[in-house]
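Undergrad: Okay, handing you the structure first.
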Amino acid sequence: MNKLIIFLTILSNAYCIGQKVIKDTILVNTSINSQIILNGEIIKLDMSNNLALLQDPLLNKGKSIITLAAEKEFNNYEYINIINDKNEYFLIAVKYQKTIANPFFFIEKKELTEMQNNKNNLILNKIIDKANKINLKNKEELQRLFCNENNLLIKLVNVLSCDDVIYLRLAIENLSAYTFYNEGINFKISEYDSYKKTTSPEEIITPIYYTGEKEISVKPREKKYITYAFNAFKIPKNRILKIGILEKYSTKEYSIDINAKYINNPKKWEE
């Protein structure tokens, strides 16, 4: 721990020469993805080992977005060091907290923070409300996008959009005599043919919210729905969205390949 403090102190001193320093604190845990949003494009990023970077920083409407989560629970503060293209230095303290009401952290001028946080709390609450309604009320509209292995039927049954958010609703039906334990689900934008040599790497995308728990169990003859909310995105025609469902206590991964047309042309959701 002392070595980490010394390293961060040296790093901070090296970065801060001639730079505007912005300090803030964010919250993370292992079950929900936190997003740091700041002005300008990120050109330098360093962070502690207990934090996992889930999506490379990307420029989106004048903001740089970092998506991350905790690798495991920790007691002391972890730290993130960032430099943007405006020569601003960010020293962000990271605290582990089991429950996070709002996983969006806008690192901006302090006089804007309270107003912005209130706005984004409202946005997040609307997303949560819509995701829960979609998960409970909507009928299954897609029937052919599924994986059926080992008496486990996994289907993408709805792709809906509302207010620049895309909602993907999955159904997991257990037709076996044993309980299915899910360890997690990943979403990747990939090439059509996984065996084809390509210079285009897979792009991991992460939901901003999902209904239920990160790890779920489905009893024999039981069917469960999960709805995932994403910031609106598009997929090139020559690529697909690959959904991977990981089975706990096993190396097995069930996957569904989703054609770009379903993501790029979602049905508008209306209550």
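Undergrad: Listed highest first by mean packing, meaning other Cβ atoms within 10 Å per residue, what order do 202-210, 259-267 come in? List each step's numbers first, then the result.
TA: Numbers: 202-210: 17.9, 259-267: 15.0.
Packing order, densest peptide first, comes out as 202-210, 259-267.
Undergrad: For segment 199-250, what does the accessible surface come to per residue with a 1.4 Å probe? Please give it in Å². Kindly include the intermediate steps, with their values, before the conclusion.
TA: Details: 2910 Å² over 52 residues.
That works out to 56 Å² for each residue.
Undergrad: I'd like the Karplus ³J(HN,Hα) series for segment 152-164: coefficients 6.51, -1.76, 1.60, θ = phi - 60°, whole numbers in Hz, and an x wherever there's a Gly or Pro.
TA: Karplus values, whole Hz, x for Gly and Pro: 10, 9, 10, 10, 8, 9, 8, 10, 10, 10, 6, 6, 6.
Undergrad: Show the residues, 5+ positions off or on another chain, whose built amide H is closer than 5 Å to the amide H of Glu183.
TA: Residues meeting the criterion, in which the H sits 1.01 Å from N, are Leu246, Glu247, Lys248.
Undergrad: Quickly rank 28-34, 229-235 as a protection proxy: mean count of other C-beta atoms within 10 Å, highest first.
TA: Working: 28-34: 18.1, 229-235: 16.0.
With the highest mean Cβ count within 10 Å placed first, the list reads 28-34, 229-235.
Undergrad: Also: Would you calculate the separation in nanometres between label points at Glu203 and Leu53, each defined as 7 Å from the Cα along the Cα-to-beta-carbon direction?
TA: 1.7
Undergrad: Right, another one. Given H placed 1.01 Å from N in the peptide plane, which residues other than close sequence neighbours of Thr30 have an amide H under 5 Å from its amide H?
TA: It is Ala70, by chain and number.
Undergrad: Using 1/(1 + (r/R0)^6) with R0 = 22 angstrom and r between the beta carbons of Lys219 and Thr99, what's the FRET efficiency to the nearest 0.05? Present the calculation step by step, with values, prior to reporting the outcome.
TA: Numbers: r = 27 Å, r/R0 = 1.22.
So the FRET efficiency works out to roughly 0.25.
Undergrad: Report the calculated FRET efficiency for Asn265 and Tyr77 (r = Cβ-Cβ distance, R0 = 41 Å), to the nearest 0.05.
TA: Values: r = 45 Å, r/R0 = 1.09.
Once the sixth-power term is evaluated, E becomes 0.40.
Undergrad: A follow-up question, please. Taking a threshold of 20 Å on the Cα-Cα distance, which of the pairs Lys137/Lys219; Lys44/Lys188; Lys126/Lys234; Lys139/Lys268; Lys214/Lys248 fall above it?
TA: On the way: Lys137/Lys219 22 Å; Lys44/Lys188 25 Å; Lys126/Lys234 22 Å; Lys139/Lys268 14 Å; Lys214/Lys248 12 Å.
Correct reply: Lys137/Lys219; Lys44/Lys188; Lys126/Lys234.
Undergrad: A further question on this structure: In terms of modelled amide H atoms, which long-range or inter-chain residues lie less than 5 Å from the amide H of Phe106?
TA: Excluding prolines and chain starts, which carry no amide H, the hits are Ile37.
Undergrad: Related question: I'm checking a number: the convex hull volume of the Cα atoms of segment 148-271, normalised per residue, in Å³. What is it?
TA: Numbers: hull volume 14.0 nm³, N = 124.
Spelled out: Cα convex hull of segment 148-271, divided by residues, is 113 Å³.
Undergrad: Let me ask something else. With θ set to phi - 60°, apply the Karplus curve 6.51 cos²θ - 1.76 cosθ + 1.60 along segment 44-53 and write out the HN-Hα couplings as whole Hz, x wherever there is a Gly or Pro.
TA: Residue by residue, segment 44-53 yields 8, 8, 9, 8, 6, 5, 6, 10, 10, 7 Hz.
The values are calculated or read from the model by the stated rules, or taken from the named source; none is laboratory data. Note that this is a predicted model, so its numbers are computed, not measured. Counting neighbours? That spans all protein chains shown, and the Cβs are built from the backbone with ideal geometry, glycine included. The area values use the complete protein model at the heavy-atom level, side chains included, leaving out ligands, DNA and RNA. Shrake-Rupley method; radii C 1.70, N 1.55, O 1.52, S 1.80 Å.
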